[in-house]
Amino acid sequence: MSAGRPCDHSAISYELIDELGGVQWPCTEAAPTGSERLYTDGRFHHDDGRAHLSTVDPEPFGDQPDDEFPLVLNTGRTVEHWHTRTKTGRAAVLEALVPEAWVSVNPADASTLGVGSGGRVRLVSRRGSVDDVVVRVTETVRAGEVFVPMHFDEACVNRLTVDAFDPVSREPNYKQCAIRIERS
């Protein structure tokens, strides 16, 4: 077995984990107590030892903006929170920094929509809506696009996104779609 292949974790004793205070992932046969990186030996988990990369032709996302849904929603992470805040939501300093979801809107779009920073809006897509989202007017997003963090269950932005997924990895898109903003 290659040194880069994951080791049999059952071979790591609880005593060793206790003694070391934990095991750094990735854990390989060559580094049973862990290492900083996989594949430092240049071998991958395939019979030929080489990396196998899959490619796809780029395509525009399927839910393009139109007259009814004129904005492109992008979702993503923020520095302050992780996933659905099951842990970071309990960290007082992080929760104080970002206690609720928001939508970043370009100043040109905010002007057209008649919304300002601190206002509350409803986000609507062909699949659903999310109510009572705080507006942040900012030039960090381009005109015609908005950003909403994915961390907040009470403003679950994934309710708006498409059910598309990557054909190779099967990773869900949950990333962009057409929406409109309605003033609350």
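The values are calculated or read from the model by the stated rules, or taken from the named source; none is laboratory data. What you see is a predicted model, and the numbers here were worked out from it, not measured in a lab. In this analysis, Cβ positions are derived from the backbone assuming ideal geometry, glycine residues included, and neighbour counts consider all displayed protein chains.
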In this structure, does V98 turn out to be of a type outside the set (S, T, N, Q), more than 22 Å from Q64 (Cα to Cα), free of Cβ contacts under 8 Å to residues at least 60 places away in the same chain and surrounded by fewer than 19 Cβ atoms within 10 Å (Cβ to Cβ)?
yes
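In this structure, is F61 in contact (Cβ under 8 Å) with a residue 60 or more places away in the chain, hydrophobic (A, V, I, L, M, F, W, C) and not assigned by TED's automatic domain parsing to the domain that holds A178?
Details: in contact (Cβ under 8 Å) with a residue 60 or more places away in the chain: yes; hydrophobic (A, V, I, L, M, F, W, C): yes; not assigned by TED's automatic domain parsing to the domain that holds A178: yes.
So F61 fits the description; yes.
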Hits in segment 159-176 - residues which are closer than 19 Å to V148 by Cα and among the polar types (S, T, N, Q)
T161, N173, Q176
Among the residues of segment 72-87, how many are at pLDDT below 95, under 24 Å from A110 (Cα atoms) and buried (at least 18 other Cβ atoms within 10 Å of the Cβ)?
1
Entirely in segment 34-152, the strands (runs of 3 or more DSSP E) that have 2 or more residues that are under 30 Å from Q24 (Cβ atoms) and touching a Lys or Arg at 6+ places or on another chain (Cβ under 6 Å):
none
Could you give every pair whose Cβ atoms fall below 6 Å, whose first residue belongs to segment 67-79 and is within 14 Å of S125 (Cβ to Cβ), and whose second residue is among the small types (G, A, S) and part of a strand (DSSP E or B), counting only separations of at least 6 or pairs across chains?
F69/A178
Which residues, taken from segment 27-66, are among the aliphatic types (A, V, I, L, M) and in contact with a Phe, Trp or Tyr (Cβ under 8 Å, 6 or more places away or on another chain)?
A51
Would you be able to tell me the number of residues in segment 88-127 that are at positive phi and at pLDDT below 95?
0
Matching residues, segment 133-184, being surrounded by 15 or more Cβ atoms within 10 Å (Cβ to Cβ), among the charged types (D, E, K, R) and farther than 27 Å from P58 by Cα:
R136
Hey, F69 farther than 21 Å from P149 by Cα, aromatic (F, W, Y), over 22 Å from the mean Cα position of the chain (by Cα) and surrounded by 10 or more Cβ atoms within 10 Å (Cβ to Cβ) or not:
no
